[in-house]
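Since the structure comes first, as structure tokens, the remarks are kept for the end.
The values are calculated or read from the model by the stated rules, or taken from the named source; none is laboratory data. It should be emphasised that the depicted structure is a prediction, and the values quoted were computed from it without experimental measurement. Counting neighbours? That spans all protein chains shown, and the Cβs are built from the backbone with ideal geometry, glycine included. When the accessible area is computed, the model is the full protein with side chains, heavy atoms only, and any ligands, DNA or RNA have been set aside. Shrake-Rupley method; radii C 1.70, N 1.55, O 1.52, S 1.80 Å.
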Amino acid sequence: MARISRVLVSGTALIAMAVLGASATASAADEFPTAYNTKTQRLTDKPESDMDPSCVSRRISLIAGEYDWEQTLALGSRSNLYLGSGMYTWEDCLYPDDGFYVQQTSLNPDNPDWDTISLTDWVELDEERTYTWGSLLDPRF
């Protein structure tokens, strides 16, 4: 079965601004800003496989278009994709393993004709500290 791509964009209203009596023109980046699905928490640099996973999830409405999709902790995981217009469940999970974490990110469309898509990467941390991890969707239009 062929994969039908999906779309993500946090629906934001375009706001006209007046500066010194003149109106300013909003850019596409103002109208469709980068969307984030992230969690901030303390992570150890010595994870073990018997530790509990950590997840963050949100619902998002996207418009059709090209997006850059990338993980924020596993900096190597990146995808450029086309997403269709509709509602999605966006989830990021961090699974501890012996000495590293597995970061999994998924976009699950409400449209039953479209497949869930995902990114997976492995991360080793240099130090124990508080990290913000998850993923972002950056509209390319």
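Points to keep in mind about this one:
- Checking the stated criteria, E66 turns out not to satisfy the condition of being open to solvent by 40 Å² or more (accessible area, probe 1.4 Å) and within 24 Å of R42 (Cα to Cα).
- Any hit, segment 25-36, residues being part of a loop (DSSP other than H, G, I, E, B), open to solvent by 60 Å² or more (accessible area, probe 1.4 Å) and free of Cβ contacts under 8 Å to residues at least 60 places away in the same chain: yes
- For segment 44-65, the count of residues that are of a type in the set (K, R) and outside any strand (DSSP E or B) is at least one.
- Odd one out for Q71 among (1) closer than 21 Å to R42 by Cα; (2) surrounded by fewer than 17 Cβ atoms within 10 Å (Cβ to Cβ); (3) within 13 Å of the chain's Cα centre (by Cα): (2)
- Residues of segment 124-141 that turn out to be open to solvent by less than 10 Å² (accessible area, probe 1.4 Å) and of a type in the set (A, V, I, L, M), as a count: 1
- Taking the numbered list (1) open to solvent by 50 Å² or more (accessible area, probe 1.4 Å); (2) hydrophobic (A, V, I, L, M, F, W, C); (3) free of Cβ contacts under 8 Å to residues at least 24 places away in the same chain in turn, V102 passes all entries but (1).
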